[in-house]
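Report on the following structure.
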Amino acid sequence: MQTTYKIMRQLLVISAFLVVSTGCADTEPTLERTTKDEVLKLSIPQQFHELPFESGLGRAIVIFEESGADCIIYVKGLNPGERYTISLVVGLSSGVMFGPKENVKIRVGSLEDEVKFKPNPKGELFVSMRNPIRFFTAAKEELFFKIESENKKEIMKTVPFLLNK
């Protein structure tokens, strides 16, 4: 009886160890574990960069090309009844707003009033805009993408980044 108890206890300890060790496995990419104070370093030779929004509800993708960078934004969890602006911000400046219609490609959602984006009924927005490469290379402060509601309330932003020159 005592031997059975010891074996059962050992099996319980081993199974608990296995559950804990598999639950703590590090399967997320490094980018997901950025802290709020961390600044990502991007480089042009690595043409494709994915930046998470701090809320975890979307991604910004920057694809560097010859003369510019295609900036793609996909977010979910927005209020379908509200309109939002999207900006690429440097430091404390107001940044470059996405728009007008001629400069953006809208995949999900719609554009109203030249720079106001409205998500689809599920609260999703998927847009892109090409920006000149000089905007990234001239930046001496952190850059980030920001989504604001019509009343200028910040809804979400990406982790900050800088371009390695």
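No lab work stands behind these numbers, since they all come straight from the coordinates. Only a predicted model underlies this, so the values are computations on that prediction, with no experimental measurement involved. Reconstructed Cβ throughout: ideal geometry from the backbone, glycine too, with neighbour counts over all protein chains shown.
Would you please put 94-104, 68-78 in order of how densely packed they are, using the mean number of other Cβ atoms within 10 angstrom per residue and starting with the highest?
Details: 94-104: 15.5, 68-78: 20.2.
With the highest mean Cβ count within 10 Å placed first, the list reads 68-78, 94-104.
Through the Karplus equation 6.51 cos²θ - 1.76 cosθ + 1.60, θ set to phi - 60°, convert the phi angles of the stretch 95-112 into ³J(HN,Hα) values in whole Hz; use x for Gly and Pro.
x, 10, 7, 6, x, x, 3, 5, 9, 10, 10, 9, 9, 9, x, 8, 10, 10
For the stretch 40-143, what D do you get in µm² per second when you plug the Kirkwood radius from alpha-carbon pairs into Stokes-Einstein at 20 °C and 1.002 mPa s?
On the way: Rh = 14.2 Å.
For the chosen part, D equals 151 µm²/s.
Tell me the label-point distance for the pair N151, N79, using the 7 Å Cα-to-Cβ offset, in nm and rounded to one decimal.
Going by the 7 Å Cα→Cβ label model, 0.7 nm.
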